[in-house]
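The values are calculated or read from the model by the stated rules, or taken from the named source; none is laboratory data. Just so you know, these numbers come straight off a predicted model, no measurement behind them. Virtual Cβ from ideal backbone geometry, glycine too; neighbours counted across all protein chains shown. For accessibility, only protein heavy atoms count, side chains too; no ligands or nucleic acids. Shrake-Rupley method; radii C 1.70, N 1.55, O 1.52, S 1.80 Å.
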Amino acid sequence: MRVTFTFNREFPGLGQKIKELREASSKSLTLLAAEAGISVTHWNRIENERVQYVPIETLRGIEKALGTNLGVKYEDEEQKISDNPSDS
């Protein structure tokens with residue numbers, strides 16, 4: 001059985017950070033987007049923070065394409081949940 005958790009957290013300036021890393025990369029935007037598994041248009045929308053939500057899988061794809069860790073974590077929320085299991 002799968003259980004899905006959804007967490008929303010703001011990361012101000014994340015789009016700008018992605019843009020700066022892309023500009024510093026030797027890879028083209030087309031290649032980076034392909035490696036991240038998203039379109040160039042969607043990559044641009046993320047950089048310009050014109051999307052409300054970015055799935056963690058998309059963000060991890062961007063990190064992989066850029067060869068970096070953007071510092072976005074959600075493990076602490078998962079830990080809080082596992083530390084407080086409901087009574088059975």
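The table below gives the values:
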read-out	value
Positions within the range 12-39 being open to solvent by less than 50 Å² (accessible area, probe 1.4 Å) and either touching a helix residue (DSSP H, G or I) at 6+ places or on another chain (Cβ under 8 Å) or touching a residue at least 60 places away in the same chain (Cβ under 8 Å) (or both), in sequence order	15, 18, 22, 25, 29, 32, 33, 36, 38
Pairs, first farther than 18 Å from residue 40 by Cβ in the range 53-77, second modelled with pLDDT of 95 or more and open to solvent by 70 Å² or more (accessible area, probe 1.4 Å), C-beta under 8 Å, six or more apart	70/17
In the range 1-11, the residues that are closer than 15 Å to residue 54 by Cα, of a type outside the set (Lys, Arg) and open to solvent by 90 Å² or more (accessible area, probe 1.4 Å)	5, 6, 8, 10
Test: residue in the range 50-72 that is open to solvent by 90 Å² or more (accessible area, probe 1.4 Å), at pLDDT 95 or above and over 11 Å from the mean Cα position of the chain (by Cα)	yes
Filter pass, residue 45 being surrounded by 10 or more Cβ atoms within 10 Å (Cβ to Cβ) and not polar (S, T, N, Q)	yes
